[in-house]
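Undergrad: Sharing a structure below in structure tokens format, with a few things to ask.
The values are calculated or read from the model by the stated rules, or taken from the named source; none is laboratory data. For clarity, every value in this text was computed on a predicted model and none was experimentally measured. With ideal geometry, Cβ positions are generated from the backbone for all residues, glycine too; neighbour counts draw on all protein chains shown.
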Amino acid sequence: MGASVEITVTINGTQHTNDVEPRTLLVQYIRDQVGLTGTNIGCDTSSCGACSVHMNGEAVKSCTVLAVQADGQDITTIEGMASEDGTLHPMQQAFMENHGLQCGYCTPGMVMAASSLVADNPEITEEEVRLGLEGNLCRCTGYHNIVKSVLAAASAD
Amino acid sequence: MIPAAFDYVRAESAEEAISLIGQHGDESKFIAGGHSLLPLMKLRLAQPSVLIDIGRLDDLSYIREDGDQVAIGALTKHCDVESSDTLKQHVPLLAHAAGHVGDPQVRRRGTIGGSIAHADPASDLPATTLALGATYVAQGPNGTREIAATDFYQTFFESSLADDEMLTEIRIPKMNGAGWSFQKFNRRAQDWAIVGVSAWVRGTESGVGLVNMASTPVLAAGVSSALAGGASASDAAEQASADADPQADLNASVEYRQHLAKVLTRRALEAASA
Amino acid sequence: MTVTEETTAASTRVIGQRLLRKEDPVLLTGEAVFTNDMKVPGALYMAVLRSPYAHANILSVDKAAAEAMPGVNAVYSGADLAELWANPMPCAWPVTEDMKNPAHYPIASDKVHYVGDGVAVVLADTDAIAHDAIEAIDVQYEALEAVIDLEDALSDRVVIHEDLGTNSSYTWPLLIEEEEGQVQRSLDDAAFSVNERYVQQRLIPMAMEPRAVVAVPQPFGGDMTLYTATQIPHVLKVMIAVTLGFPEHQLRVVAPAVGGGFGAKLNVYAEELLCLALAQKHGGPVRWNETRAENTVATTHGRGQIQNIELAADADGKLTAIRVRLIADMGGYLQLLTPGVPVLGAFLYAGVYDLPKAYDFSCTGVFTTMTPTDAYRGAGRPEATYAIERAMDALAREVGIDPLELRRRNFIATDKYPYEAFTGLVYDSADHDKAAVIAEEMVDYAGLREKQATQNVDGATKRLGVGVSTYFEMCGLAPSRVLASLNYSAGGWEAATVRILPTSKVQVVTGTSPHGQGHETAFSMIVADKLGIDPADVDVLHSDTTIAPLGMDTYGSRSMPVGGVAIGMACDQVIDKAKQIAAHQMEANADDLEFSGGVFSVAGSPDKEMPLAAIAFEAFTAHDLPDGLEPNLEAQVTYDPPNFSWPFGTHMCVVEVDTETGDVEVLKYAAVDDCGNQVNPMIVEGQVHGGVIQGMAQALFEGAAYDSHGNLQTTTLTEYLVPGAGDVPPISLGHSVTPSPTNDLGVKGVGEAGTIGSTPAVINAVVDALSGLGVTDVTMPASPQNVWNAIQSAQSNTSANGGQQ
């Protein structure tokens, strides 16, 4: 039982082909097999959002996706948000300019969730930001500056 | 936590999915978006030995008018239900409720069929579709059948779907301009409802579904018949707990749930009638 | 344009600027390495089997099935590993001479004392195999009765540690009276008095990063490096050496990027000792990480007190005496600071009020069969502030005056600072009225009271409430001699090295250990101002005991008032030394030299000047130094603060309570905090935001729930309600600046202040909203159920009393 399955996943523009046990979560695949540790694990119950990545351009919780479900899909992780020359993505830049992070552990998930929110709704309001980030928990910032960062990024575009 | 080990197969069609589940027996389960099933598997509360992935059956993702009903493919994602112009026009209560399931990341993966089949009385869509008089279409090795929502929910996480049946479609009567209200009372925005009320009113007709008030979603028939008999929203709402059997948990006692059900039902009826 | 793009000209002061953080880029791109991100080839994965019983004898541990699993390297019971421990796990704060401290080892051998207590350990090739294997270990227990209620624990009906004979670990008194019996007399003679009972519920700190450990033996010589998600690498190094008998000079402890601590990573944990001891035993790396569910039982909890507070006041509402009795929940064992946490608050139950010498405090710490408690943001001081601020509102209702007015009558007057309190502690500086005025304006206090009067009528569905909290915080831990008098086993100093490299870049070595607080940025700013350089040219080294050998780590809002001040002092010493070199080389008198913008010049000789950069190189080559002066340009300072520091402030919370559902909505939250001079206001604001929301979360959302068998029921983030962005309001910040006279920088520290001020402000607001219904208390968290219960019970009392409240 649990025979390995071959999957091919594009992550940050690079194609990866690996054998995985079916029970491997996408977040484990990304961290342990592909070696991209920017995406973090903060809970066991799909509550905290620290594992958020983009699948086919939209934020999903990679702890609640099996790696086998991501076969053939296009994934962007936090490591893929800045440009090749190191220029930060506007959301990353906005977080820095507005002190939207402290310990940084929830930050990759926040940036991925927030950038997806703003892409879907460029005219986003504060209320919509707060509700839109309901799936992402932070213990350090009290959210005040995270909200400020996301609104700043939305208006910068 | 890491789920227990299982085998994985991917179905290319509904027929293949049904054939596969018949083959692998009752230790196997369908997985679509996985946002009801995977959390259980990660806590090892569910340990299927085979997962049959139906998540790529794109032909089961659709929303279309069909006479006086709207037909929704079981694999339609919550975010698509939420943003559908057809539903906003003809079944706005459902579109609105879908926008309250989980959080945005969950809504991009979870499906309406998955949520219905999971039969969690604390979820929003079972009670909402029940209130709307939905019919669920199931496909099995012997063909398809229609199951009225009122006949579908048996108890916690158990529906009347046979082990070798798959939900393929949800059919909902058009609301035809009915007023509606969705009252989801929770501690945090991402939480399940402590108690929820999903209601529509058109004249003396109504449908009221209760979330998290029993081992299944509850159709508050007593409320609707009181309204039909001319009762005020307030008086009709007093019937809210009559058909319910709420449990106590960390968030609420039985008594508090019964009280909330009445308050939220009254508020829903008032809003839907306004 | 970012602030870093501005050139730091001679006259541009860096301190006070909202400098963007140096820490951010690697955190934003995912390059930062948290402990569980480390790639450690050849590491064995450790998993811990934890007791499912709160209180039980271990009868047998059958490892055979687990040992036989492929990929399993070793399985150990507590008995197997007993020989590894030179000493039991440390408690660094024996608060009284007769404090009872049960022996506590990293793995239990005979008996378990809480659900989560470790009973066996597996080492395996992968994390998955290790977790599969612990499920195959068969442990037989004889279940005993759980003890989860504090008053039940105090009664000794079921004694948890038989060898101690009692569940009471200690009783710590603080009785200060001008005349014997004054407190009781004042209570008896009081014009007004209140007698209040509050419960500080157990909290789970829930840092977003679960704990992780990697122990790596070095290639030769027996040296060991321990990477761990800790706030205290230095303290940990000493404690490990003592507990394992490991030679301290061969141990290196490193905290990689740490994802939040809040006190829960301020400890010596079983898994750290186990990984290190087993890495040594197996001759290879051993690593461990906890799942969130594991974190909820295996990482220390916060708070946990039953508080009884009595206030006596005269006819004007001026306090004449305070009496406090605490029962504090230790949990199943004493971890590093467990017994001392409630004692840290002992000095603050009179808050910001001018109390005569009539103070009677006593705290009894009791064992229970639950996860050990320890420090959690504020550690004893939020609990104290909660009690006095809630009691003051109760007193205001007795006296019949506005709660803010009552406080004003009692504030320690500004002109009395520095103020020697009845405890003998000297409060450095404050202006309570100023903070209160700012807060009043921010919420339009008078307008709110008017609105409240019209809104909170009989039958109103939504009732408006305003809650006030005026607080002190005692931080900047700490003067070592005071710690000695409290029986704390360590000191409170902090070390700093400032080193100007030959090519003029600056290295700062600090003994603090940041985990989100922005020390690298803030400390660079101090150095930039002192030395007249660009903060970008300063590198702050920390959290590695080989690179930063001296330190007392980060907790208790100490890093700026102790660590930052030490850095400032080291800069001063570097400048002094540089001055001597400059004077010598410029053939001038040291006293005639001025230092500004990084350049030494000679008063009256405009053509004679020498930049620090040049001096650094001269110090390196040592070609022409004054006699007796050592080469190189660095200074090391170890600073023992002469006093605690005392941030203060006023918080106001405005809520609307839906009386039909019990739902509380926070409409507005204003926090006015004074932490003295602010090095980086952006970072200060972030600390206040986070602290306020954490305190608000205690008030409205959180609570570790246990069933009668001692099972923790809130083991996930779906049950334990850390709020999200949609659940909390934006925070309005005001501030005043009352510099601390205790140190040259005038700083006080601010990491915990937000949490200390907020919880009582929120609950006071809820009670205020409902006081017209006869409600005088709401159990924390003020969940909809708890609020609704309070309303029901007040209404039934009212009707039982024939309508009288």
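Undergrad: Just one of the numbered conditions (1) in a loop (DSSP other than H, G, I, E, B); (2) within 14 Å of chain B (Cβ to nearest Cβ); (3) buried (at least 24 other Cβ atoms within 10 Å of the Cβ) is not true of A:Ala114; which one?
TA: With (1) in a loop (DSSP other than H, G, I, E, B); (2) within 14 Å of chain B (Cβ to nearest Cβ); (3) buried (at least 24 other Cβ atoms within 10 Å of the Cβ) applied to A:Ala114, the lone miss is (1).
Undergrad: Determine, yes or no, whether A:Ala59 is under 12 Å from the mean Cα position of the chain (by Cα) and free of Cβ contacts under 8 Å to residues at least 40 places away in the same chain.
TA: It is false that A:Ala59 is under 12 Å from the mean Cα position of the chain (by Cα) and free of Cβ contacts under 8 Å to residues at least 40 places away in the same chain.
Undergrad: Go through (1) surrounded by fewer than 22 Cβ atoms within 10 Å (Cβ to Cβ); (2) among the small types (Gly, Ala, Ser); (3) touching a Pro at 6+ places or on another chain (Cβ under 8 Å) one by one and return the number of the condition C:Gly774 breaks.
TA: In the conditions (1) surrounded by fewer than 22 Cβ atoms within 10 Å (Cβ to Cβ); (2) among the small types (Gly, Ala, Ser); (3) touching a Pro at 6+ places or on another chain (Cβ under 8 Å), C:Gly774 misses (3) alone.
Undergrad: Are any residues in the stretch B:92-107 closer than 19 Å to C:Thr718 by Cβ and in contact with a strand residue (DSSP E or B) (Cβ under 6 Å, 6 or more places away or on another chain), and if so, which ones? Walk me through how you get there before you give the answer.
TA: Step one: list which residues in the stretch B:92-107 are closer than 19 Å to C:Thr718 by Cβ, which gives B:100-107.
Matches in the stretch B:92-107: B:His100, B:Gln105.
Undergrad: On to the next question. Name the single residue, out of those in the stretch C:718-731 being touching an Asp or Glu at 6+ places or on another chain (Cβ under 8 Å) and more than 9 Å from chain B (Cβ to nearest Cβ), that is nearest to C:Gln201 (Cα to Cα).
TA: Ranking the candidates gives C:Tyr720 first.
Undergrad: Kindly indicate the residue of the stretch B:234-258 that is surrounded by 21 or more Cβ atoms within 10 Å (Cβ to Cβ) and part of a helix (DSSP H, G or I) and also nearest to the other protein chains (Cβ to nearest Cβ) among those meeting that condition.
TA: Per the stated criteria, the residue is B:Tyr256.
Undergrad: Of all residues in the stretch B:1-12, which are away from chain A (no Cβ under 12 Å) and surrounded by fewer than 19 Cβ atoms within 10 Å (Cβ to Cβ)?
TA: Of everything in the stretch B:1-12, just one residue is away from chain A (no Cβ under 12 Å) and surrounded by fewer than 19 Cβ atoms within 10 Å (Cβ to Cβ), namely B:Glu12.
Undergrad: Something else: Among the residues of the stretch C:786-794, is there at least one that is more than 27 Å from B:Asn186 (Cβ to Cβ) and more than 14 Å from chain B (Cβ to nearest Cβ)?
TA: Checking the stretch C:786-794: not a single residue is more than 27 Å from B:Asn186 (Cβ to Cβ) and more than 14 Å from chain B (Cβ to nearest Cβ).
Undergrad: In addition: For the list (1) part of a loop (DSSP other than H, G, I, E, B); (2) touching a Ser or Thr at 6+ places or on another chain (Cβ under 8 Å), I need the number of the one condition that C:Ala570 fails.
TA: Condition (1) is where C:Ala570 drops out.
Undergrad: Can you pull out the strands (runs of 3 or more DSSP E) entirely within the stretch C:611-683 that have at least 3 residues that are in contact with a Leu (Cβ under 7 Å, 6 or more places away or on another chain), surrounded by 24 or more Cβ atoms within 10 Å (Cβ to Cβ) and touching a residue at least 60 places away in the same chain (Cβ under 8 Å)?
TA: Counting at least 3 such residues, we get C:648-658.
Undergrad: Give the stretch C:545-603 a look and list any residue that's without any contact (Cβ under 8 Å) to a residue 60 or more places away in the chain, touching a helix residue (DSSP H, G or I) at 6+ places or on another chain (Cβ under 9 Å) and among the β-branched types (Val, Ile, Thr), or say none.
TA: C:Ile575, C:Ile581, C:Val602
Undergrad: When the residues of the stretch A:90-107 are filtered to those that are in a helix (DSSP H, G or I) and facing chain C (nearest Cβ under 8 Å), which remaining residue is surrounded by the fewest Cβ atoms within 10 Å (Cβ to Cβ)?
TA: Among those residues, the one meeting the criterion is A:Met96.
Undergrad: Cβ-Cβ below 7 Å, separation at least six or inter-chain, first residue in the stretch C:279-295 and within 17 Å of C:Thr126 (Cα to Cα), second modelled with pLDDT under 95 and surrounded by fewer than 21 Cβ atoms within 10 Å (Cβ to Cβ): which pairs?
TA: Short answer, once both residue conditions are applied: C:Thr291/B:Met1.
Undergrad: For the stretch B:173-232, which residues satisfy the criterion of being outside any strand (DSSP E or B), of a type in the set (A, V, I, L, M) and surrounded by fewer than 22 Cβ atoms within 10 Å (Cβ to Cβ)?
TA: Filtering the stretch B:173-232 down to residues outside any strand (DSSP E or B) leaves B:174-178, B:186-194, B:203-204, B:212-217, B:220-232.
Now drop any that are not of a type in the set (A, V, I, L, M), which leaves B:175, B:178, B:189, B:193-194, B:213-214, B:220-221, B:223, B:226-228, B:231.
If the condition is that a residue be outside any strand (DSSP E or B), of a type in the set (A, V, I, L, M) and surrounded by fewer than 22 Cβ atoms within 10 Å (Cβ to Cβ), then B:Met175, B:Ala178, B:Ala189, B:Ala214, B:Ala221, B:Ala228, B:Ala231 are the ones that fit.
Undergrad: Please enumerate the residues belonging to the stretch C:699-716 that are within 13 Å of chain A (Cβ to nearest Cβ) and buried (at least 24 other Cβ atoms within 10 Å of the Cβ).
TA: C:Glu702, C:Thr715, listed by residue number.
Undergrad: Residue check: is C:Tyr105 closer than 27 Å to C:Arg292 by Cβ and not in a loop (DSSP other than H, G, I, E, B)?
TA: no
Undergrad: Right, another one. List every residue pair whose Cβ atoms lie under 7 Å apart, where the two residues are 6 or more positions apart in sequence or sit on different chains, the first residue falls within the stretch B:204-233 and is free of Cβ contacts under 8 Å to residues at least 24 places away in the same chain, and the second residue, located anywhere, is assigned to a helix (DSSP H, G or I).
TA: Matching pairs, first to second residue: B:Ala226/B:Asp235; B:Ala226/B:Ala236.
Undergrad: Grab the strands (runs of 3 or more DSSP E) fully contained in the stretch A:1-89, keeping just those with 3 or more residues being within 9 Å of another protein chain (Cβ to nearest Cβ).
TA: Details: elements: A:5-11, A:14-20, A:52-55, A:58-61, A:74-76.
Those strands (runs of 3 or more DSSP E) span A:58-61.
Undergrad: Then there's this: I'd like the full set of residues that are among the basic types (Lys, Arg) and either within 13 Å of chain A (Cβ to nearest Cβ) or farther than 28 Å from A:Gly132 by Cα (or both), limited to the stretch B:40-99.
TA: Initially, the stretch B:40-99 is screened for residues among the basic types (Lys, Arg), giving B:42, B:44, B:56, B:64, B:77, B:88.
Of everything in the stretch B:40-99, those that are among the basic types (Lys, Arg) and either within 13 Å of chain A (Cβ to nearest Cβ) or farther than 28 Å from A:Gly132 by Cα (or both) turn out to be B:Lys42, B:Arg44, B:Arg56, B:Lys77.
Undergrad: Mind checking whether some residue in the stretch C:439-456 is surrounded by 17 or more Cβ atoms within 10 Å (Cβ to Cβ) and not in a helix (DSSP H, G or I)? So that I can check it myself, show each step before the final result.
TA: Within the stretch C:439-456, the subset surrounded by 17 or more Cβ atoms within 10 Å (Cβ to Cβ) is C:439-440, C:442-443, C:445, C:448, C:452, C:456.
Then drop every residue that is not not in a helix (DSSP H, G or I), which leaves C:456.
Looking for residues that are surrounded by 17 or more Cβ atoms within 10 Å (Cβ to Cβ) and not in a helix (DSSP H, G or I), one finds at least one in the stretch C:439-456, hence yes.
Undergrad: Out of B:Leu260, B:Leu264, B:Leu250, I need the residue that is under 30 Å from C:Gln713 (Cβ atoms) and without any contact (Cβ under 8 Å) to a residue 12 or more places away in the chain. Which one?
TA: B:Leu250
Undergrad: Which number in (1) in contact (Cβ under 8 Å) with a residue 24 or more places away in the chain; (2) among the aliphatic types (A, V, I, L, M); (3) out of contact with any Phe, Trp or Tyr (no Cβ under 6 Å at 6 or more places or on another chain); (4) more than 14 Å from chain B (Cβ to nearest Cβ) marks the one condition that C:Val775 misses?
TA: Here C:Val775 meets the rest and fails (1).
Undergrad: Another question, if that's okay. I want to confirm something. Restricting to the stretch B:13-38 and keeping residues that are over 25 Å from the mean Cα position of the chain (by Cα) and free of Cβ contacts under 8 Å to residues at least 24 places away in the same chain, which single residue is nearest to the other protein chains (Cβ to nearest Cβ)?
TA: Step by step, filter the stretch B:13-38, then rank; the result is B:Gln23.
Undergrad: Looking at the stretch C:325-360 only, could you name the residues that are in contact with a helix residue (DSSP H, G or I) (Cβ under 8 Å, 6 or more places away or on another chain), under 17 Å from C:Leu164 (Cβ atoms) and not hydrophobic (A, V, I, L, M, F, W, C)?
TA: Answer for the stretch C:325-360, where residues must be in contact with a helix residue (DSSP H, G or I) (Cβ under 8 Å, 6 or more places away or on another chain), under 17 Å from C:Leu164 (Cβ atoms) and not hydrophobic (A, V, I, L, M, F, W, C): just C:Asp329.
Undergrad: What residue, among those in the stretch C:774-795 that are among the hydroxyl-bearing types (Ser, Thr, Tyr) and part of a loop (DSSP other than H, G, I, E, B), is farthest from C:Ile388 (Cα to Cα)?
TA: This residue is C:Ser783.
Undergrad: I'd like the full set of residues that are facing chain A (nearest Cβ under 8 Å) and in contact with a Leu (Cβ under 8 Å, 6 or more places away or on another chain), limited to the stretch C:22-65.
TA: Answer for the stretch C:22-65, where residues must be facing chain A (nearest Cβ under 8 Å) and in contact with a Leu (Cβ under 8 Å, 6 or more places away or on another chain): C:Asp24, C:Pro25, C:Leu27, C:Leu28, C:Thr29, C:Gly30.
Undergrad: Moving on. Out of the stretch C:114-128, which residues are more than 19 Å from C:Thr243 (Cα to Cα), touching a Phe, Trp or Tyr at 6+ places or on another chain (Cβ under 6 Å) and crowded, with 24+ Cβ neighbours inside 10 Å?
TA: C:Ala124
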